[in-house]
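Asker: Below you'll find the structure I mean.
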Amino acid sequence: MTRLPENDYPTSFDLDFLTGQGTHLDNKLQRRASDMQSAFYDQQALQEAIQGGDPLIYEFYNAKFLTSTSDMSIAITRLFPGKIGDEYYMTKGHLHERNDQPEMYICLAGSGYLLLDTLDGEFRAEAWQTGTITHIPAIWAHRVANTGTEIMVYIGVYHATAGHNYALVEEKGFAQVVVERQGKACLVPHPPTLE
Ligand code: S6P
Ligand code: ZN
């Protein structure tokens, strides 16, 4: 019997849903307040956060499964609770480089919003709680905001060749932001008026 190439055999690994810690994950990337210069709207609050210790906003890991015929990939994101000014901690957000590459997001722990924007007039906010699964069609830029008091953990399943375009999100921005108003998480048009 001819053996298959090493990568063409199945792979399994373990993940703790509540913490997002697992085996088999590498390529850890961390984003601090200073890496999010154009993402948060309140620039004064952002500079104060950077000078006050430059907090870690989120970190993510990925695992690629490249076989002789396929390129599946997953990423686990650990998004911490907190705010810059009155805007909840969130990811930078990106569009996939390829316009035929969707993604599945699964919220494993925590609550907040998945913000989706075509950067061309269409915007959606999906309320997220533990167990919510969202299909992100290829043409939607995606960003997650954590409005809870605990860490949010989610997994993204996508093709490794999808590519990431951050520049377009930085240039155009999302249509709405998630801020705390009167003690509650609210979606308001971007840029919001400072309270
Ligand atoms: C990849 C997927 C996620 C994000 C991660 C961090 O397509 O959507 O793994 O990379 O959640 O977000 P961002 O916007 O900094 O890449
Ligand atoms: Zn993505």
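Quick grid of which residues meet (1) more than 9 Å from ligand 1 (Cβ to nearest atom); (2) touching a Cys at 6+ places or on another chain (Cβ under 9 Å); (3) under 17 Å from VAL178 (Cβ atoms):
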position: SER34; (1), (2), (3): yes, no, no
position: GLN37; (1), (2), (3): yes, no, no
position: ILE57; (1), (2), (3): yes, no, yes
position: ALA63; (1), (2), (3): yes, no, no
position: THR77; (1), (2), (3): no, no, yes
position: PHE80; (1), (2), (3): yes, no, yes
position: LYS92; (1), (2), (3): no, no, yes
position: LEU95; (1), (2), (3): yes, no, no
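Asker: Next up: Please verify whether GLU87 is surrounded by fewer than 21 Cβ atoms within 10 Å (Cβ to Cβ), modelled with pLDDT of 95 or more and not β-branched (Val, Ile, Thr), treating the condition exactly as stated.
Answerer: Working: surrounded by fewer than 21 Cβ atoms within 10 Å (Cβ to Cβ): no; modelled with pLDDT of 95 or more: yes; not β-branched (Val, Ile, Thr): yes.
Against the criterion (surrounded by fewer than 21 Cβ atoms within 10 Å (Cβ to Cβ), modelled with pLDDT of 95 or more and not β-branched (Val, Ile, Thr)), GLU87 does not qualify.
Asker: Could you list all residues from the stretch 125-142 that are surrounded by fewer than 17 Cβ atoms within 10 Å (Cβ to Cβ) and within 11 Å of ligand 2 (Cβ to nearest atom)?
Answerer: The answer is ALA138, and nothing else.
Asker: Also, I was wondering about something else. How many residues does the stretch 124-144 hold that are touching an Asp or Glu at 6+ places or on another chain (Cβ under 8 Å) and aromatic (Phe, Trp, Tyr)?
Answerer: Matching residues across the stretch 124-144 total 1.
Asker: Select, from TYR113, TYR158, the only residue that is part of a strand (DSSP E or B) and within 11 Å of ligand 1 (Cβ to nearest atom). Don't jump to the end; show me each part of the working.
Answerer: Working: TYR113 fails: within 11 Å of ligand 1 (Cβ to nearest atom).
Matching residue, one of TYR113, TYR158: TYR158.
Asker: For the stretch 1-105, list the strands (runs of 3 or more DSSP E) that sit wholly inside it and hold at least 3 residues that are in contact (Cβ under 8 Å) with a residue 12 or more places away in the chain, in contact with a Leu (Cβ under 6 Å, 6 or more places away or on another chain) and aromatic (Phe, Trp, Tyr); which are they?
Answerer: Working: elements: 26-32, 56-66, 71-79.
Answer list for the stretch 1-105: 56-66.
Asker: Could you list, in sequence order, the residues of the stretch 20-36 that are surrounded by 13 or more Cβ atoms within 10 Å (Cβ to Cβ), on the phi < 0 side of the Ramachandran plot and modelled with pLDDT under 95?
Answerer: GLN21, GLY22, LEU25
Asker: Name every residue in the stretch 55-73 that is within 16 Å of ligand 2 (Cβ to nearest atom) and either within 19 Å of TYR113 (Cβ to Cβ) or surrounded by 21 or more Cβ atoms within 10 Å (Cβ to Cβ) (or both), in order of residue number.
Answerer: So in the stretch 55-73, the residues within 16 Å of ligand 2 (Cβ to nearest atom) come out as 58-64, 71-73.
Scanning the stretch 55-73 gives TYR58, PHE60.
Asker: Within the stretch 63-73, identify whether any single residue is farther than 24 Å from LEU15 by Cα, acidic (Asp, Glu) and out of contact with any Pro (no Cβ under 9 Å at 6 or more places or on another chain), and answer yes or no. Lay out the reasoning, then the answer.
Answerer: Taking the stretch 63-73 and keeping what is farther than 24 Å from LEU15 by Cα, we get 68-69.
Now restrict to residues that are acidic (Asp, Glu): none.
Taking every residue of the stretch 63-73 in turn, none turns out to be farther than 24 Å from LEU15 by Cα, acidic (Asp, Glu) and out of contact with any Pro (no Cβ under 9 Å at 6 or more places or on another chain).
Asker: Kindly check whether there is at least one residue in the stretch 52-64 that is of a type in the set (D, E, K, R) and on the phi > 0 side of the Ramachandran plot.
Answerer: To start, the set of residues in the stretch 52-64 that are of a type in the set (D, E, K, R) comprises 54, 59, 64.
Applying the additional criterion that residues be on the phi > 0 side of the Ramachandran plot yields 54.
So far as the stretch 52-64 goes, yes, one or more of its residues are of a type in the set (D, E, K, R) and on the phi > 0 side of the Ramachandran plot.
Asker: Output the number of residues of the stretch 164-184 satisfying the condition of being surrounded by 13 or more Cβ atoms within 10 Å (Cβ to Cβ) and out of contact with any strand residue (DSSP E or B) (no Cβ under 6 Å at 6 or more places or on another chain).
Answerer: Counting residues in the stretch 164-184 that are surrounded by 13 or more Cβ atoms within 10 Å (Cβ to Cβ) and out of contact with any strand residue (DSSP E or B) (no Cβ under 6 Å at 6 or more places or on another chain) gives 4.
The values are calculated or read from the model by the stated rules, or taken from the named source; none is laboratory data. None of the values given here were measured: they were computed from a predicted structure. Positions of Cβ are generated from backbone atoms using ideal geometry, with glycine treated the same way; all protein chains shown enter the neighbour counts.
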